[in-house]
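The values are calculated or read from the model by the stated rules, or taken from the named source; none is laboratory data. Treat the numbers as computed from the prediction; the structure is a model and nothing was measured. Neighbour counts are summed over all protein chains in view; Cβ atoms, including those assigned to glycine, are modelled from backbone coordinates with ideal geometry. These accessible areas exclude ligands, DNA and RNA; they are computed on the full protein's heavy atoms, side chains included. Shrake-Rupley method; radii C 1.70, N 1.55, O 1.52, S 1.80 Å.
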Amino acid sequence: MAPQDGLDTEPDPLFDSVELTGGDPIFERRELVTIDHLPTEDRIVGRDDQIKMIANEIGPAVSGAPPNSVMIYGKTGSGKSLVAKHVMKRSEQEAERRENDLAVAYANCSQAKGNADALQQLGQQINPSESSISFPERGISENEYFNRVWDVLDEFYDAAIFTLDEIDRLKNDDLLMILSRAGETGSVETPIGVIAISNKINYRDQMSERTKSSFGHNEYIFDPYDATQLREILDNRKDAFKDGKLGDAVIPRAAALGAKEHGDARKAMRLLRYAGDYAKNNGAEMVKEDHLLEVRASAEAERLRDLVSGLPSHTRHVLSGLAALTRQNNDQEWFRTTQIIDAYERVCEKEGTDSLTKDRIRQLLKELAFLEVTENRSNHGGKGTGSYKEHRLMWDAETVSRMHTRQ
Ligand SMILES: Nc1ncnc2c1ncn2[C@@H]1O[C@H](COP(=O)(O)OP(=O)(O)O)[C@@H](O)[C@H]1O
Ligand SMILES: [Mg+2]
């Protein structure tokens, strides 16, 4: 046998953070602190009432009877997606126990390219392997996606629950309206319940009267968490870490940071995970409170990325123009629409793309304010100047610019 080269040499410090066993020195079950992980019921804090109320509305579907649709509003990190997924999962299990065929599907509209894309995702999820119907990613019209979803439902299911998450990110409420009114309009026999989720409470104003009426009074507002609840949420995920690897002060501090602005479990969870990653990548003995401070900036950047990801390129160019203005003018943070349009046009020039009309830019600025990336105010100038709008970036300009160059 040939001698095994290299085993006697010094360890390469490049791989110091990789344990000999290939295991993780800090995390036992890192997935527990990822945002998309669906925690077991015993880990969910303070949402019992909401879970019950939503189950009451959507519940008849587990017996194949017509469910009611519900709308959930709340700021980021208030547990909306979690509660919706939890109720869907339990509905699915209960329907199975009752021997009913329940279709459940989930689409996050902030990641969908539009109505057709979101529909395609829903169709794909409920389409059984034995089905002869297909949901290609492109090449068929929105209408045809609807027809195929109706066909699958009528052929294979007794009832359906569809969750449309971050619905405020779609351009219009057509999808919401058609799905929630499908029974009434006779498009499909199978009863459908929709759980629609919006980060914006004023999304209501963008809904057509018909859509509003199909949600009736089934609207729930999820309040932000307080620091104590955030702490309990994180405490319940402690076993993500190996024994003795998580400093005592880390969770209380992450909860306190998450409670700033509004009580945001997503932010708190992210900070905790990033601190763990930081400890691991820097070969620390254990996760310490200081590590939270090291990762704060990247956690913020991640939060901003959530907000701007999926925005059309020109919206990002407007944002980039405003960020550039903010960075060039140290002592100023409010800028007039006309200044922003100029800055935007410079970005377009650099990017080698034609700029949109001024009216369109005004509209994009409204959308950015709606997403709470920027805010605006009206200025009623003195005699002869007329009134004008000013805008301010609500995020660190450096972070915004960096993001733009990365995308
Ligand atoms: N009440 C809760 N109990 C336990 N974990 C929660 C709770 N609320 C939120 N979380 C966790 O915090 C993160 C963000 O929650 P999420 O449901 O995505 O918020 P939203 O959809 O409102 O932005 C997820 O990892 C989720 O599991
Ligand atoms: Mg969500």
Subject >> Residue under evaluation Gln111, criteria (1) open to solvent by 70 Å² or more (accessible area, probe 1.4 Å); (2) in contact with an Asp or Glu (Cβ under 9 Å, 6 or more places away or on another chain); (3) polar (S, T, N, Q); (4) in a helix (DSSP H, G or I), criterion not met >> reply: (4)
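Every residue in the stretch 71-111 that is among the aliphatic types (A, V, I, L, M), more than 11 Å from ligand 2 (Cβ to nearest atom) and either touching a residue at least 60 places away in the same chain (Cβ under 8 Å) or within 15 Å of Gln50 (Cα to Cα) (or both), please.
Met71, Val87, Met88, Ala95, Ala103
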Original post:
Would you say Tyr225 is buried (at least 16 other Cβ atoms within 10 Å of the Cβ), hydroxyl-bearing (Ser, Thr, Tyr) and within 16 Å of ligand 2 (Cβ to nearest atom)?
Top reply: yes
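Residue-wise test of (1) more than 16 Å from ligand 1 (Cβ to nearest atom); (2) more than 28 Å from Leu364 (Cα to Cα).
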site: Gln121; (1), (2): yes, no
site: Asn127; (1), (2): yes, yes
site: Arg148; (1), (2): yes, yes
site: Asp151; (1), (2): yes, yes
site: Ala159; (1), (2): yes, yes
site: Asp165; (1), (2): no, no
site: Met177; (1), (2): yes, no
site: Ile192; (1), (2): yes, yes
site: Arg204; (1), (2): yes, no
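Just give me the residues in the stretch 342-359 being closer than 13 Å to Ala323 by Cα and either open to solvent by less than 70 Å² (accessible area, probe 1.4 Å) or without any contact (Cβ under 8 Å) to a residue 24 or more places away in the chain (or both), in sequence order.
Scanning the stretch 342-359 gives Asp342, Ala343, Tyr344, Val347.
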Subject >> Verdict on Ser110 being modelled with pLDDT of 95 or more, within 19 Å of Asn199 (Cβ to Cβ) and polar (S, T, N, Q) >> reply: no
**OP:** Could you pull out every one of the helices (runs of 4 or more DSSP H) wholly within the stretch 208-298 that has 2 or more residues that are among the polar types (S, T, N, Q)?
**Re:** 209-215, 227-235
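Restricting to the stretch 277-336, give me the number of residues that are within 19 Å of Ile251 (Cα to Cα), of a type in the set (A, V, I, L, M) and touching a Phe, Trp or Tyr at 6+ places or on another chain (Cβ under 9 Å).
Residues flagged as within 19 Å of Ile251 (Cα to Cα), of a type in the set (A, V, I, L, M) and touching a Phe, Trp or Tyr at 6+ places or on another chain (Cβ under 9 Å) within the stretch 277-336 amount to 6.
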Original post:
Which one is farthest from ligand 2 (Cβ to nearest atom), of the residues in the stretch 239-276 that are of a type in the set (Gly, Ala, Ser) and open to solvent by 10 Å² or more (accessible area, probe 1.4 Å)?
Top reply: Gly244
